[in-house]
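Any read-out appearing in this document is the output of simple, stated calculations on the displayed coordinates, not a laboratory observation. The structure displayed is predicted, hence computed values, not measured ones. Neighbour counts are summed over all protein chains in view; Cβ atoms, including those assigned to glycine, are modelled from backbone coordinates with ideal geometry.
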Amino acid sequence: MDKKIFIVGCGPGTKDLITLRGKKVIEKADVIVGSTRLIADFVRKRDIRTLVLENNYQKVLEDVDRLKGDKRVVFLVSGDPLFHSLGERIIERFGREICEAVPGVSSFQYAFCQIKESWKDYSVFSIHGDKDIDINKVFKENDRFILLLDPEHNLKFVKIKIGSIPKGKYRFYVASNLSMPTEKISDISFADFDNFPEESLSLLIVRREDE
Ligand SMILES: C[S@@+](CC[C@H](N)C(=O)[O-])C[C@H]1O[C@@H](n2cnc3c(N)ncnc32)[C@H](O)[C@@H]1O
């Protein structure tokens, strides 16, 4: 037998949103890979081998590739493992046969539970890490959408790309640090995009109001 790779979605932040299956998989791991925060939050065995992810995922994937024997390697990822996540790259690298993904609660699902609305009519886009998304096209072609942001590709970045929008045409919610003690969900106007105090973990919900 060779190694087996598990990718566990740990939810958007708080420890109690991981699934029971995710917890069981972590308990049986031989090696755990994840950010310092996820390792601190979800790994209880202190003597287990851990590999810390911090802008070094290529090297970490190579280190995992070099591991010998029938080890159970568990990657901890935030939210859902197959929603704008490292999960995709892990599966590409090691192949579907040896990988198992454990679903997690995604940041956007949690945000919609908090605003108590259905997300069934929304499309999802990410400018986290940029990804060459044409934001003007996204606004033109979608009346309802979610945009994952990052500290560089933030509200100011969106405003520069879009230029101007008639007042009242859209409703915007910014949801930050979801499920954490500092969680904040704000209903803002396009004019606020310039000076809104942004958190590094944020997503934007956009709904056209003049339909
Ligand atoms: C690389 S993506 C990971 C998405 C994750 N797999 C998920 O299912 O939510 C990271 C982006 O997701 C969003 N995000 C993740 N966790 C969040 C949270 N707790 N609060 C707000 N946004 C969050 C932010 O836009 C962040 O830049």
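For a test of the definition: using alpha carbon positions, the gyration tensor, and the 1.5 limit on a/c, classify the chain as rounded, prolate or oblate.
Verdict is prolate for the chain.
Quick one: 3J(HN,Hα) in Hz for the range 67-72, Karplus 6.51/-1.76/1.60 with θ = phi - 60°, rounded, Gly and Pro as x.
So the J values, rounded to whole Hz, are 5, 9, x, 8, 7, 9.
Label the range 108-208 by shape, choosing from rounded, prolate and oblate, from the square roots a ≥ b ≥ c of the eigenvalues of the Cα gyration tensor; if a/c is under 1.5 it is rounded, and otherwise prolate applies when a/b is larger than b/c, oblate when it is not. Please list the in-between numbers first.
Details: a/c = 1.35, a/b = 1.18, b/c = 1.14.
Rounded, because the longest to shortest axis ratio a/c is under 1.5.
On the principal axes of its Cα set, how long, how wide and how thick is the range 21-75? Give whole Å, largest value first.
26, 25, 21
Can you give me the long-range amide H partners of THR50? Hydrogens built in the peptide plane at 1.01 Å from N, cutoff under 5 Å, separation of 5 or more residues or another chain.
Those qualifying (amide H under 5 Å, at least 5 residues apart or on another chain) are ILE32.
Near LYS161, which aspartates and glutamates are there with a Cα under 14 Å away, not counting those fewer than 8 places off in the same chain?
By straight Cα distance, LYS161 reaches ASP130, ASP132, ASP134, GLU152, ASP194.
Which residues among the range 111-136 fall inside the zone where the amide N is under 18 Å from a point 7 Å beyond the Cα of LYS169, along Cα→Cβ?
Label zone hits: 134-136.
Given H placed on each backbone N at 1.01 Å, which residues far from ILE7 in sequence or on other chains put an amide H within less than 5 Å of it?
Hits under the 5 Å cutoff: PHE75, GLU100, ALA101, VAL102.
Lysines within cross-link reach of LYS167: Cα-Cα under 21 Å, excluding same-chain residues under 8 positions apart?
LYS137, LYS140, LYS156, LYS159
Looking at the square roots a ≥ b ≥ c of the eigenvalues of the Cα gyration tensor of the range 92-160, which shape do they give, rounded for a/c under 1.5, prolate if a/b is larger than b/c, or oblate?
oblate
In whole Hz, with x marking every Gly and Pro, tabulate ³J(HN,Hα) for the range 94-107 from phi via Karplus 6.51 cos²θ - 1.76 cosθ + 1.60, θ = phi - 60°.
9, x, 4, 4, 9, 9, 10, 10, 9, x, x, 6, 7, 4
What FRET efficiency, computed as 1/(1 + (r/R0)^6) with R0 = 30 Å and r the Cβ-Cβ distance, is obtained for ILE115 and ARG44, rounded to the nearest 0.05?
Efficiency, rounded to the nearest 0.05: 0.35.
State the three equivalent ellipsoid semi-axes of the range 4-105, derived from the C-alpha gyration tensor as the square roots of 5 times its eigenvalues, in descending order and whole Å.
Each semi-axis is the square root of five times an eigenvalue, giving 18, 15, 13 Å.
Amide H to amide H under 5 Å from SER35: which residues, 5+ apart in sequence or cross-chain, H placed 1.01 Å off N in plane?
Residues meeting the amide H criterion: LEU53.
Of TYR110, ILE98, LEU17, which is farthest towards the positive pole of the chain's charge dipole, taken about the Cα centre with +1 and -1 on the beta-carbons of Lys, Arg and Asp, Glu respectively?
Value computed over the given set: ILE98.
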